[in-house]
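The values are calculated or read from the model by the stated rules, or taken from the named source; none is laboratory data. The structure displayed is predicted, hence computed values, not measured ones. Neighbour counts are summed over all protein chains in view; Cβ atoms, including those assigned to glycine, are modelled from backbone coordinates with ideal geometry. These area figures cover heavy atoms from the full protein model, side chains too; ligands, DNA and RNA do not enter into them. Shrake-Rupley method; radii C 1.70, N 1.55, O 1.52, S 1.80 Å.
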Amino acid sequence: MPDSTAPDTIAPDATAPAPQKRALITGITGQDGGHLAEFLNSKGYEVYGLIRGQRNARKEAFEAEFPYVHLIEADLTDQTSLIQAVLTSQPDEVYNLGAISHVGYSFRNPQLTADITGKGVLNLLEAVRIAGFAEKARFYQASTSEMFGGLDYNRPGAGYNEESLFHPRSPYGVAKLYAHWIARNYRESYGMFVSTGILFNHEGERRGLEFVTRKISNAVAAIHLGLQDHIELGDLYPKRDWGYAGDYVKGMWLMLQQDEPDDFVLATGETHSIEEFLQLAFAEIGIDNWKNYVRQNPEFMRPAEVDILLGDPSKAERVLGWTRDVDFPGLVKLMVQHDIKLLSPGK
Ligand code: NAP
Ligand code: F7E
């Protein structure tokens with residue numbers, strides 16, 4: 001017999017904690033994926049991440065460092081796996097960080113770069129729609145300063161902002177520009193909450209060894225410990241607006257907490273050459289004459305170079321309240337000290 005005194009509906013308990021938010025991250029095994037997983041976990045999110053390949057070399061180490069992340073097998077080039085990933089994770093927020101992200105590699109593998117870095121975004125946006133999450137899930141697209149191209153005529157004195165012209169100079173930059181516009185198109189066409197972060201270079205202890213800053217910090221640490229006697233690099237004159245990855249993932253999250261989706265530049269507003277990075281990195285181990293340890297190798301030069309990148313983060317600072325904790329000397333120090341520790345015997 002039903003209890004006739006029971007109320008028809010149960011009033012919501014105002015004291016109950018808000019339901020745990022769920023985030024799906026592509027590219028979770030990469031630099032930003034690690035920082036973002038850590039950050040979202042600290043905010044109480046249930047974190048899901050895509051892992052690709054039948055035996056991903058990063059899986060074991062990733063699981064040891066991030067035991068709270070639920071890994072889902074999927075690939076940005078495989079639409080079915082992406083739909084399944086959305087259905088499994090039931091996300092409130094989707095962060096699309098997965099990509100071929102190395103500019104030099106993209107010159108050697110331009111079609112693969114187009115498929116993953118470019119069309120992969122379309123596959124993921126469609127997966128969100130097909131799985132029925134177009135209204136529920138907020139979407140972050142990892143756009144890049146490489147879309148600007150660093151050409152003189154295209155550079156406003158105060159740095160690139162959200163209104164600057166695009167002129168990508170690599171297959172990577174071109175693929176990212178497609179990704180940027182298809183993401184914006186889904187916002188405009190379907191009313192999806194899609195925000196893009198146009199991020200300038202950001203580095204740190206999780207940076208891949210194929211990128212110049214980590215290649216340098218790793219080599220400087222190895223030279224300090226007597227494991228290596230020089231480093232081979234390409235061009236040393238290019239300048240980049242280098243920040244710390246841990247600061248930048250907070251900006252990504254802030255973009256998805258706004259009332260409306262939008263596009264935001266994240267940058268430091270400073271630009272430094274590779275030579276300046278080298279000088280500070282070698283100074284960290286007490287070496288002034290760093291040129292004696294550096295050899296140029298054309299293998300590391302690119303068919304077209306982005307000479308200088310400088311960003312203007314004022315919109316993100318004003319609208320998102322985004323701030324940074326690590327400055328350029330602090331970044332170099334953090335990376336070199338981390339690599340000395342990592343390479344030290346019995347660490
Ligand atoms: P990253 O360390 O190179 O990580 C890239 C990630 O993409 C890895 O987890 C990789 O997984 C994944 N991936 C590659 N191909 C995939 C595929 N077919 N399907 C699914 N996942 C795939 O890059 P990051 O520095 O963290 O950058 C994150 C995102 O921000 C990227 O989209 C990058 O282009 C963009 N971005 C980076 C910077 C920067 O300075 N770091 C600046 C602007 C924009 P595996 O482990 O399987 O290889
Ligand atoms: O090169 C020069 C190279 O590969 C920086 C990615 O995260 O940021 C990154 O792209 C500069 C270039 O980063 C070597 O020619 C000299 O001028 O560290 P990188 P990147 O190309 O700026 C943007 C914003 C992204 O979106 C990308 O995903 O350093 N350089 N010698 C060298 N670069 C490398 N990798 N290796 C060298 O030996």
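A few comments on the model shown:
- Take every pair of alpha-carbon atoms less than 8 Å apart whose residues are at least six positions apart; their mean separation over the length of the chain yields a relative contact order of 17 percent.
- Summed side-chain charge close to ARG55 - residues other than ARG55 whose Cβ falls under 15 Å, Lys, Arg +1, Asp, Glu -1: -1
- Placing unit charges on each Cβ (+1 for Lys and Arg, -1 for Asp and Glu) gives the chain a dipole about its Cα centre, and among ASN297, SER164, ALA175 the Cα reaching farthest toward its positive end belongs to ASN297.
- Using the rule -39500 (n - 2.57) for each DSSP H run of four or more residues, divided by the residues of the chain, the 222 nm mean residue ellipticity is -10500 deg cm²/dmol.
- What the phi angles of segment 174-185 give under the Karplus curve with 6.51, -1.76 and 1.60, with θ = phi - 60°, is a coupling list of 5, 4, 5, 5, 4, 4, 4, 6, 5, 5, 5, 5 Hz, glycine and proline written as x.
- Take the Cβ atoms of ILE308 and LYS59, set R0 to 25 Å, and the FRET efficiency comes out at 0.10.
- Gap separating the Cα centres of segment 307-332 and segment 114-130, nearest whole Å: 29
- Net dipole in debye of the chain [+1 Lys, Arg Cβ; -1 Asp, Glu Cβ; about Cα centre; nearest 20]: 600
- Derived from the Cα gyration tensor, the three semi-axes of the equivalent ellipsoid of segment 130-203 are 27, 12, 11 Å, largest first.
- Here's the picture: charge each Lys and Arg Cβ at +1 and each Asp and Glu Cβ at -1 in segment 220-347, and of ALA283, TYR248, LEU227 the one pushed furthest to the positive end of that dipole is LEU227.
- Modelled FRET efficiency - R0 51 Å, GLN257 with ASN292, Cβ distances, 0.05 increments: 0.55
- By accessible area, using a 1.4 Å probe on protein heavy atoms only, the chain has 50% of its surface on carbon and sulfur.
- Burial order of peptide ranges 56-64, 74-82 (average beta-carbon count within 10 Å, highest first): 74-82, 56-64
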